[in-house]
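First up is the structure itself, then whatever we jot down about it.
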Amino acid sequence: MSLENVTSIDSYFQELEKKLVLKSACNLTTEKIKFFNSNYTYNPQFIYPEPTPCTFSSQIDKQIQQIGDPIIGKLYEAKHEEYKQKHKFLSSSGNSEEEFTKQSILFFGKPEEFALAIAHQICENLPQLHFGRKNKANIRFRTIAKRLRAYLKQHKFKGKLNVLHGKTVANHVSVSKAKGTLNISRNYISDEDELTDIIYHEIETHMRRLENATKLKYELFRLGTARYLAYEEGLAT
């Protein structure tokens, strides 16, 4: 198979991308309230939506093996295997805690002990955080949205700012891989430092990578190669 003839694989991957979505818990808001009201002692019991039924084509495996460039072929093969593992992880959400934990580690990986030790040290040395709406250091949402739109325009990003009204989301600010937009919750609160972090993390890393990938002829790079977030989040941080 020539490099130009991978459209059927790309279309198949696009369909998998739509079906294999990491969804927020149905009871996210109520469990968050319980957690914070318990002074961080309550262990949240999240309930997740049923995953979309999904089947994997052995024919696609054969087509991937026929890709002319072995390096590109390995990238497609690794992505297909990642989709399979992601499906196992999503399907395990209604099973036992042990099975869910097992599939979660297989899909996301497990942090090394030294990394956990560093994370604990950082948390212990963090200054007291203030996220209340009355804090003087906070920036009004209207100002946040205005500045983010101005930044996108000034630096010639194609993606636009998309405000989410009354929607429960795990991340208050994120980049939509499907639409190429910068999604922001209407309830988002930020100070100057966090807004700067958002610009470098979400716009200059995630959105920049996404928009650069759309210039390439392989859909795989827009979707993200296997385990790409492990590196992209590192760059963003």
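No lab work stands behind these numbers, since they all come straight from the coordinates. Values in this document were obtained by computation on a predicted structure and should not be read as measured data. Don't worry about glycine lacking a Cβ; one is built from the backbone with ideal geometry, like all the others, and counts go over all protein chains shown.
Taking the number of Cβ atoms within 10 Å of each Cβ as an exposure proxy, the fewest-first ranking of Arg208, Arg147, Arg140, Arg222 is Arg140, Arg147, Arg208, Arg222.
Taking the chain as a Gaussian network of alpha-carbon nodes connected by springs under 10 Å, the highest mean-square fluctuation of the residues Lys110, Lys88, Lys153 belongs to Lys110. Length gained on full extension, Ser104 to Lys88: 4.9 nm, using 0.36 nm per residue less the C-alpha separation. A Förster radius of 25 Å combined with the Cβ-Cβ distance from Arg142 to Ala178 puts the calculated FRET efficiency at roughly 0.40.
Arrange Ser190, Ser91, Ser58, Ser8 by Cβ neighbour counts within 10 Å, fewest through most, would you?
Ser58, Ser8, Ser91, Ser190
Helix 70-91 axis versus longest C-alpha principal axis of the chain: approximately 60°, rounded to the nearest ten. Evaluated over the Cα positions of segment 137-237, the convex hull gives a direction-averaged projected area, one quarter of its surface, of 6.6 nm². Working from label points 7 Å from Cα in the Cα-to-Cβ sense, the Ile47 to Leu22 distance is 2.3 nm.
Taking each residue as 0.36 nm, the span from Lys158 to Phe114 lengthens on full extension beyond its C-alpha to C-alpha distance by 11.9 nm.
Sorted on the mean count of surrounding Cβ atoms within 10 Å across their residues, most packed first, peptides 178-189, 20-31 read 178-189, 20-31. Database remark: amide H of Val175 closer than 5 angstrom to the amide H of Asn183 (H placed geometrically; neighbours at sequence offset of 5 or more, or on other chains; Pro and chain starts carry no H). Amide H contacts under 5 Å for Gly159: none, restricted to partners 5 or more places along the chain or on a different chain, H placed in the peptide plane at 1.01 Å from N. For volume of the Cα convex hull per residue in Å³, the value computed from the atomic coordinates appears in the list [x] 158; [y] 190; [z] 136 under label [x]. The number of Lys pairs in segment 53-151 with C-alpha atoms less than 18 Å apart, excluding pairs fewer than 8 positions apart on the same chain, is 11.
Mind sorting Leu116, Leu210 by how few other Cβ atoms lie within 10 Å of their own Cβ, fewest first?
Fewest-to-most Cβ neighbours within 10 Å comes out as Leu116, Leu210.
Over segment 1-118, the fraction of Cα-Cα pairs per 5 Å bin, rounded to whole percents and listed from the shortest bin up, is 2, 10, 15, 15, 15, 15, 11, 7, 5, 3, 2, 1.
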